[in-house]
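Here is the structure we will look at.
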Amino acid sequence: MPRHHTIVQELLTAAAAGVPARFAVRSTVRIGRQQGVLIGVDNGNDALKIAVLRPDGTLITRRIPAAYRAAALIRGGASEVSYRVDGAPGCWIGETALRHDGDDLPIGPTRQRLTDPRLRHLLAAGLVEVLHAAGYAPGSHTLVLGLAIPNTEIVPVRGAGADEGERLGVDPETRQVLEQHLTGVTWSVERLGADGDGTAWQLRLATVLPQAQTTGTLVAVTKAPTGTTVTDVEEMDIVDIGGGDLQVTTVQIQPTYRMTTRRLGDGTIRIARALKEHFPRHELTDVAAQHALITRRLLVSGRQRPIDAEVAAVLNSQGQALIGAVLPVLRQSRRFVMITGGGVILLHDLLQPRLEAELKRRGEDYDFIHHGIASEINSIGVLFAALFRAAAATRS
Amino acid sequence: MRRATTPKSLRLSADELARFARLQRYVPEATSESALLKLAALRGLALLEAEVAGAGGGVPPGMTEEEVASVILPRILTVVTWLARRGRLPMLGPAPAARPELAPDAEEHPALAAIDPTAAADLDGLGGDLLGAWPD
């Protein structure tokens, strides 16, 4: 019998070899007469993370800072990639928007974020960008979206049938917003490339599979790409250090999956806001500060300036405070602890000595999602979760 | 209907034969090279008959205009979506959703693995929902 590797193990093996990860699973599922492309989306407060498989199984991911700016006419030199969604004026997103003093997008619960048309445009443009990067041609595409939503939006709900009991499901308000703004929607997107060439895309969101964002990490660390469970851990605490939220999710894996979540406080946004105070004249937006934290660079007086000292200062204050909030979780010894989220990129150098001081052994008592994939792991996991659910729906 | 056939010779260039050869795997009902050539000839014949009918040249003996249209319609419909996706039929409006167009070098993984049938059930306890069209 072949030995199975988890999705994370396969990602790390590929990264170590310097090649993109490639999985022997289908990239599409059948929806009526169409083939729907499976996509994983983690619409984080600080950045949109998207994952898709090429038909040959190669995984393509994109992390796009949640910044938006109406595109201006470039009057000289090379243009920049812009998008028009459903005939609205052109926009820049992500790092391009940040270079042009782009705006923050709303953070908070899904029902508040998705009602902002700019966020929907970011999502539509981001989907086009990842499809383009994966080599899909412009034109019409049917999509099946595995969507990571905040864990707190998964709540006990009662089934529709008279004999159905309570189960975990999507919060009714979130569900209503998803059905109104995503499910069954068709977006027409024009992508204007840096070379000035335009392409037209039509994206139909045939199916949306909202899942708790931590499900993404859980799937990636406990399951093989085929869905087989590959772990002897029975209970796990997943510490998700996200841009907006710091959450701990306790998951029972054996004999059946079950989870509970609690929010410990703000995520890396508290570090980013502290960084803003070091540059009071810059009027940094939250998303620009989050981006500066990751890149450790800031455009000052027309020059990219390293800001390692300022980042180190805020990590030693707010970063340590954030770790302090997590320590009680790390100190318990009943459950394995997995640390995930984009915050791992910032904090892994600080976390490691704190954990060693607690006499915990990496791999035995706890583990990090490798910082090279921590930001995108939830989008990858919900992509595979959508694949597993679609396969089950096909069989039934 | 007469079923007798009459051999007719046809000269094709090597390039034209190569074009036919490429299509052979996509037309499984044509079980031989000659069957494929005949199928292509008959489809071309039907198209020519429709063009002639459309230009006022009448229809083949024993057929009505409706029958000529019925023969050609399914052949035209198979390519309408493809044309619309390329913006060649602007009068029809936006192109309908279609099979994803893939990069030419993006062939399916050669050794697709089956998905574990218990995988989705594991996830049920985590509370995800499925909104919209069900995969089938």
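The values are calculated or read from the model by the stated rules, or taken from the named source; none is laboratory data. Note that the coordinates shown come from a computational prediction; the quantities given were computed from them, not determined experimentally. So basically every Cβ, Gly included, is an ideal-geometry build from the backbone, and we count neighbours across all protein chains shown.
General remarks:
- Filter result for A:Leu119 (of a type outside the set (Gly, Ala, Ser) and at pLDDT 95 or above): no
- Members of region A:2-12 that are within 13 Å of another protein chain (Cβ to nearest Cβ) and modelled with pLDDT under 90: A:Pro2, A:His4
- Candidate set from region A:13-42 (those that are part of a loop (DSSP other than H, G, I, E, B) and more than 7 Å from chain B (Cβ to nearest Cβ)); member that is farthest from A:His132 (Cα to Cα): A:Arg33
- Verdict on A:Gly196 being surrounded by fewer than 24 Cβ atoms within 10 Å (Cβ to Cβ) and at positive phi: yes
- Within region A:51-84, the set of residues being within 14 Å of another protein chain (Cβ to nearest Cβ) and at pLDDT 90 or above comprises A:Val52, A:Leu53, A:Arg54, A:Gly57, A:Thr58, A:Leu59, A:Ile60.
- Residue among A:Thr260, A:Thr228 that is outside the structural domain of A:Gly57 (by TED's automatic domain parsing) and at pLDDT 90 or above: A:Thr228
- For A:Pro156, the conditions (1) outside any loop (DSSP other than H, G, I, E, B); (2) touching a residue at least 60 places away in the same chain (Cβ under 8 Å); (3) surrounded by fewer than 24 Cβ atoms within 10 Å (Cβ to Cβ) all hold with the exception of (2).
- So A:Arg389, is it within 14 Å of chain B (Cβ to nearest Cβ), modelled with pLDDT under 85 and within 30 Å of A:Ala21 (Cα to Cα): no
- Residue identified as in contact (Cβ under 8 Å) with a residue 24 or more places away in the chain, surrounded by fewer than 20 Cβ atoms within 10 Å (Cβ to Cβ) and more than 9 Å from chain B (Cβ to nearest Cβ) among A:Val248, A:Val233, A:Val221, A:Val239: A:Val233
- Condition met for A:Gly146 (closer than 16 Å to B:Gly132 by Cα, surrounded by fewer than 23 Cβ atoms within 10 Å (Cβ to Cβ), in contact with a strand residue (DSSP E or B) (Cβ under 7 Å, 6 or more places away or on another chain) and at the interface with another protein chain (Cβ under 9 Å from one of its Cβ atoms)): no
- Looking across A:Glu190, A:Glu179, one residue alone is more than 26 Å from A:Ser375 (Cβ to Cβ) and more than 7 Å from every other protein chain (Cβ to nearest Cβ). It is A:Glu190.
- Test: residue in region A:106-124 that is touching a strand residue (DSSP E or B) at 6+ places or on another chain (Cβ under 8 Å) and assigned to a loop (DSSP other than H, G, I, E, B): no
- Count of region A:286-319 residues which are crowded, with 19+ Cβ neighbours inside 10 Å and in contact (Cβ under 8 Å) with a residue 60 or more places away in the chain: 5
- Pick from region A:352-368, criterion surrounded by 15 or more Cβ atoms within 10 Å (Cβ to Cβ) and at pLDDT below 85, ranking: nearest to A:Phe336 (Cα to Cα): A:Lys360
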